[in-house]
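We did not get these values from a lab; they are worked out from the coordinates using the rules stated. Predicted model, so just to flag it, every value in this text is computed and none were measured. Cβ placement follows ideal geometry from the backbone for every residue including glycine, while neighbour counts extend to all protein chains displayed.
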Amino acid sequence: MIAAEKWWGIIGAYGSKIWPVQIISIIIAVTLVLYLFSKTGKKANLLMKIYLSLSFAWVGIIFFMILGKGLVGNYFFGALFTIVAILFAVDIYREKMEFRLPKAEGQKYLTTFLMLIVICYPLFGMALGHYFPRLIIAGTFPCPTTALALLLLTTALPGVDRFIYGILLFWAIPFPIFIQIPKFGVYEDSIMLVIGIYSLVMLVKNWKLTGKEKTRE
């Protein structure tokens, strides 16, 4: 396990090298989320899946394999995120998953609130003393990208890909508890942990139907 300062040094170097990609990425993410939740349909889902596929490919290849070579397990995790990217791309053609804002009032408001929290990941980071180039932003960093994808997957239940769900839960729940927060002080990753737990609860509730044809409300 590398020292916290070295880890943050890698994050900072990465943030500097890819600037302004992270800003462009979060702007696209916000735009697509607004479009998806207001205009649910094939086009909105297509665009979101393209974005998720490209984002996970970026994290897997650029973040882990190319610029994150000092990170422990970078090739293994790079491969995992790349697999997720491929699976999202495959679903563009399979059309198994349909992201949409839940109709149930409670879940609708909770999903909207959690999505806002994910988008505000870098703001929480700044409140904790993490400034550019160490800002962790969805689309170019693994944790907020995972949180974003998991939250979207909960809106597609029960018609989700269990393999994607499982890989993302593997990253979202144990890592903040055992590594990100205690080892590196990435307290903003508590957001991913909360969404990971929520996503796990939703998966368990829908387990019997998960992977089958999506039911319509």
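If a spin label sat at a point 7 angstrom from the Cα of SER190 along the line to its beta carbon, the backbone N atoms of segment 114-129 nearer than 12 Å would be those of 124-125, 128. Each of ILE50 and TYR75 was given a label point 7 Å from its Cα along the Cα-to-Cβ line. The distance between the two points is 3.4 nm. Across segment 21-30, coupling constants 3J(HN,Hα) worked out from phi with the 6.51/-1.76/1.60 Karplus curve, θ = phi - 60°, read 4, 5, 6, 4, 4, 6, 5, 5, 4, 4 Hz, and Gly and Pro carry x.
Which label marks the calculated value of volume of the Cα convex hull per residue in Å³, given the options [x] 108; [y] 120; [z] 329? So the structure-derived entry is [x]. Taking the fewest neighbouring Cβ atoms within 10 Å as the starting point, the ordered list for CYS143, CYS120 is CYS120, CYS143. Its Cα centre serving as origin, the chain has a Cβ charge dipole (Lys and Arg +1, Asp and Glu -1) of approximately 440 debye. Each residue of segment 147-153 in turn: what ³J(HN,Hα) in whole Hz from Karplus with 6.51, -1.76, 1.60 and θ = phi - 60°, glycine and Pro shown as x? Those phi angles translate into 4, 4, 5, 4, 5, 5, 5 Hz.
Between ILE197 and VAL21, the simple label model (points 7 Å from Cα in the Cβ direction) yields a spacing of 3.3 nm. Net charge of the neighbourhood of SER53, taken over other residues with C-beta under 15 Å away and scored Lys/Arg +1, Asp/Glu -1, is 0. If you line up the long axis of helix 162-172 against the longest principal axis of the chain, both from Cα atoms, how many degrees apart are they, to the nearest 10? Between the helix axis and the principal axis of the chain, the angle is about 30 degrees. Annotation for LYS183 and THR40: the two label points, set 7 Å from Cα along the Cα-Cβ direction, are 3.9 nm apart. May I ask you to derive the FRET efficiency for ALA4 and THR112 from their Cβ-Cβ distance with R0 = 35 Å, giving the value to the nearest 0.05? Plugging the Cβ-Cβ distance into 1/(1 + (r/R0)^6) gives 0.55. Just checking the listed ones, MET126, MET48, MET65: in the Gaussian network model of the chain with Cα springs under 10 Å, the one fluctuating most is MET126.
If I fit a long axis through the Cα atoms of helix 190-205 and take the longest principal axis of the Cα atoms of the chain, what angle between them do I get, 0 to 90°, rounded to 10? It works out to around 30 degrees. The HN-Hα couplings worked out from phi for segment 60-67 by the Karplus form 6.51 cos²θ - 1.76 cosθ + 1.60 (θ = phi - 60°) are x, 8, 6, 5, 7, 7, 9, 9 Hz, whole numbers, x standing for Gly and Pro.
Among PRO20, GLY185, LEU135, pick out the residue whose Cα is farthest towards the positive end of the charge dipole of the chain, where Lys and Arg carry +1 and Asp and Glu carry -1 on C-beta, about the Cα centre. The one lying farthest along the dipole's positive direction is PRO20. Projecting the Cα atoms of ILE92, PHE63, LEU123 onto the charge dipole of the chain, computed from C-beta unit charges around the Cα centre, puts ILE92 farthest toward the positive end. Can you spot the lysines whose alpha carbon is less than 29 Å from LYS103's alpha carbon? Ignore those fewer than 8 places along the same chain. Within the straight-line limit of under 29 Å, LYS103 reaches these lysines: LYS39, LYS42, LYS43, LYS49, LYS205, LYS208, LYS212, LYS214. Amide H contacts under 5 Å for VAL186: ILE181, restricted to partners 5 or more places along the chain or on a different chain, H placed in the peptide plane at 1.01 Å from N. Taking GLN22, GLN180, GLN107 as the candidate residues, the one with maximal mean-square fluctuation in a Gaussian network model of the chain, Cα springs under 10 Å, is GLN107. Here the calculated FRET efficiency for ILE86 and THR31, from their Cβ-Cβ distance with R0 = 30 Å, stands at 0.80, rounded to the nearest 0.05.
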